[in-house]
Amino acid sequence: MAAIGAEGLAETSGEIVHISDEAEGFAAAALRLLADPTEAAALAVRARREVEERWDMARITCALEKRYRELVRGKRGNATATR
């Protein structure tokens, strides 16, 4: 994957995806994974965990709702304090 495609997803190549802006680097990473099924499986497990922990829509929605509720409570607290 090109670095721009990994923005916000992965910072380090090999964590959950191999990052290369050059075709040769991308091809080399793909060939390494094909040659090493154990590493390919480990990469897949790490990537799956990343998606489930950080990118699951139910989790994102719950976190967003929690943050909204905190902000509303803060606004209500400030409105009461100024009266």
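Name every residue in the range 16-71 that is open to solvent by 100 Å² or more (accessible area, probe 1.4 Å) and among the basic types (Lys, Arg), in order of residue number. ARG32, ARG48, ARG49, ARG54, ARG59, LYS66, ARG67, ARG69, listed by residue number. The helices (runs of 4 or more DSSP H) found wholly in the chain and carrying at least 1 residues that are polar (S, T, N, Q) and either at pLDDT 95 or above or at positive phi (or both) occupy 37-54, 57-81.
The values are calculated or read from the model by the stated rules, or taken from the named source; none is laboratory data. Remember, predicted model here, so these are calculated numbers, not experimental data. Quick note on the areas: whole protein, heavy atoms, side chains included, nothing else; ligands and nucleic acids left out. Shrake-Rupley method; radii C 1.70, N 1.55, O 1.52, S 1.80 Å.
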